[in-house]
Every structure is written in structure tokens, then in C-alpha cells.
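Working notes, structure below.
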Amino acid sequence: MSEDQFLNCTMFARDWDHLQINETETQYGVRKQYVYAQHAPIKFVYLDQGKITAISR
């Protein structure tokens, strides 16, 4: 799933605001980590070059 699809089309992204976005840029591209509140059902969403690669609960 792409970052845009996640942010626009999932109930989780609409119901829970992220607290912070950590971004790492390397020669291979951009990686992001969306950080959510401790009481949210998902704690982190990881993206690599605009695609979700992992979700931490």
C-alpha cells in the first residue's frame, strides 16, 4: 500500500493523528516512520520510498 492510500483510505489514518514523522534520506531513497500516540492500536508505520513496509502494534 502506498503512503497516500494509507493516509486517505484507511479508517486508522482518519481516526488517529500521527504525533511525529521521522524521515531518513540515504542514497537509496527516503524512509519514513509515522509515530502514533501510546493509546493508539498501531504505534508505528514504516515506509520505504512511499510504500508501507511494516506496522508495529
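Values quoted throughout were computed directly from the atomic coordinates according to the rules given, and no laboratory measurement underlies them. Please read these numbers as outputs of a predicted model, since none were measured by experiment. Reconstructed Cβ throughout: ideal geometry from the backbone, glycine too, with neighbour counts over all protein chains shown.
Structural remarks
- Count of residues meeting criterion [exposed (fewer than 11 other Cβ atoms within 10 Å of the Cβ) and among the hydroxyl-bearing types (Ser, Thr, Tyr)] in the range 26-52: 2
- The residue pairs whose first member lies in the range 1-15 and is within 14 Å of Ile52 (Cα to Cα), whose second member is in a helix (DSSP H, G or I) and among the aromatic types (Phe, Trp, Tyr), and whose beta carbons are closer than 6 Å, counting only pairs six or more residues apart or on different chains, are Ala13/Phe6.
- Filtered residues of the range 2-25 (kept if in contact with a strand residue (DSSP E or B) (Cβ under 7 Å, 6 or more places away or on another chain) and surrounded by 15 or more Cβ atoms within 10 Å (Cβ to Cβ)): Glu3, Phe6, His18
- Taken together, the residues in the range 30-56 that are on the phi > 0 side of the Ramachandran plot and without any contact (Cβ under 8 Å) to a residue 24 or more places away in the chain amount to 1.
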